[in-house]
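The values are calculated or read from the model by the stated rules, or taken from the named source; none is laboratory data. Values in this document were obtained by computation on a predicted structure and should not be read as measured data. So basically every Cβ, Gly included, is an ideal-geometry build from the backbone, and we count neighbours across all protein chains shown. Accessible surface areas use protein heavy atoms only, side chains included; no ligands, DNA or RNA. Shrake-Rupley method; radii C 1.70, N 1.55, O 1.52, S 1.80 Å.
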Amino acid sequence: MSTSIKFHRELDEKLMARIGYSQQPLKAYYTNEMNETIEMGVEPEEGLENTFQLADPKVHYDPDIHDLNLVFEFGIENTRFLFGENGLTGNDGVLGIAVRWHSRDSAQQKVVPATVINSVDDHIDYQMNLRIQKGTVRGKVSFEVILYVVKPAHGQIHLVSGTVLGVLRSSLLLFDGNTSMFPILEVNNPNKGLWWVDCNFTDPSIEPFDDEHVAIVINKGHRHYKQLKIEKGIGSSPLMLEIVATGLQIIIETVKSSGSWQDILANNSETGSIGEAIYYFINTFPWDTSSPENLLRTMREDFNSRF
């Protein structure tokens with residue numbers, strides 16, 4: 001057990017109440033292959049505090065293919081309480097707000113400055129747009145709006161530029177789930193194969209495109225799992241791309257034999273359904289569904305050109 005002694009004041013609940021910090025719900029959107037801006041839901045994960053799941057109404061978002069844009073909106077009503085004798089720095093000091101995000105699953109951490117605060121400011125209202133580039137993150141990603149020192153006040157020898165004084169907002173986003181263009185699940189069973197496909201649907205034009213009804217299953221317990229090398233995302237692993245292409249071919253061929261194919265081709269599927277997702281795939285990407293061999297060939301050619 002270690003104890004650190006700090007010689008400067010930090011943001012606490014009492015000071016948070018005095019400054020009147022406020023925030024709007026986090027917003028998210030991406031641009032798809034048809035250059036459409038798709039607004040995503042940021043839905044609370046049941047039973048987990050400050051944890052959210054990205055929900056794409058089109059069910060096409062994939063963090064390996066699309067840049068993700070996050071919008072942070074926040075305000076401080078009484079910035080004067082941050083400065084002076086009872087504040088965090090002197091009146092000649094400068095504070096800043098930044099967004100710090102961290103992904104243990106992706107071994108990524110970044111701090112992106114948002115705005116600065118001076119003692120002459122009465123209040124601030126700010127909107128920050130943060131772009132997460134495709135292929136950067138997977139799994140769980142934490143986002144924190146932090147208050148830090150840009151320039152310490154004269155005589156504050158215990159403060160240096162970059163010192164974090166507190167967290168204004170904290171959120172955990174789940175990037176793996178129903179948002180993904182590819183319904184991929186991971187299991188851990190050393191007695192089963194490296195991967196397989198689950199198709200648990202009867203009417204794909206109605207049933208939802210989620211991992212309960214359709215999924216490509218990757219077995220982390222298999223002895224060759226490490227050979228996939230997907231730590232940095234699907235796009236970094238040629239073997240994983242082969243699995244996804246073959247798995248999607250199996251899914252599409254299963255959908256074709258379900259009896260709903262003509263409805264799907266006519267775009268008569270329900271929103272969020274397997275059929276809607278398949279319609280999007282075959283009308284957005286240059287995939288030839290005329291035969292199984294043509295489908296697999298054109299999918300692989302498409303993957304090779306985009307990853």
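Within the shell defined by Cβ-Cβ distances under 10 Å, the residues around Ser170 carry a net charge of 0, with Lys and Arg each +1 and Asp and Glu each -1. If you take the Cα atoms of the chain, find Rg, then find the Kirkwood Rh from the mean of 1/r over all pairs, what is Rg/Rh? Using only Cα positions, Rg/Rh for the chain is 1.09. Taking 7 Å steps out from each Cα toward its Cβ at Ser257 and Val116 produces label points 6.6 nm apart.
The mean sequence distance of close C-alpha pairs (under 8 Å, at least 6 residues apart), as a share of the length of the chain, puts its relative contact order at 15 percent. Normalised per residue, the accessible area of the stretch 57-103 is 30 Å², obtained with a 1.4 Å probe and no contribution from ligands, DNA or RNA. The length gained by stretching the chain between Met34 and Gln109 to full extension, at 0.36 nm per residue less their Cα-Cα distance, is 23.9 nm.
With all protein chains in place and a 1.4 Å probe, the accessible surface of the chain carries 47 percent carbon and sulfur. A 1.4 Å probe run over the protein chains yields, for the stretch 116-190, 50 Å² of accessible area per residue, whole-number rounding. Adding -39500 (n - 2.57) for every DSSP H run of four residues or longer, then dividing by how many residues the chain holds, sets the calculated 222 nm ellipticity at -5500 deg cm²/dmol. Computed extension length for Arg18-Ser161: 49.1 nm, one decimal, from 0.36 nm per residue of separation with the Cα-Cα distance subtracted.
Label-to-label distance, Val187 versus Ser290, with points set 7 angstrom from Cα along the beta-carbon direction: 3.7 nm.
Checking the Cα-Cα distances for Lys110/Lys134; Lys192/Lys256; Lys110/Lys220; Lys220/Lys256; Lys27/Lys151 against a 19 Å cut-off, the pairs over it are Lys192/Lys256; Lys110/Lys220; Lys220/Lys256; Lys27/Lys151.
Separation of the stretch 109-145 and the stretch 19-55, taken as the distance between their Cα centroids, equals 14 angstrom.
Full extension of the chain between Thr202 and Glu77 yields a length gain of 39.5 nm, computed as 0.36 nm times the residue separation minus the alpha carbon distance. Each pair of Cα atoms in the stretch 190-307 enters the Kirkwood radius, and Stokes-Einstein at 20 °C and 1.002 mPa s then converts it into a translational diffusion coefficient of 142 µm²/s.
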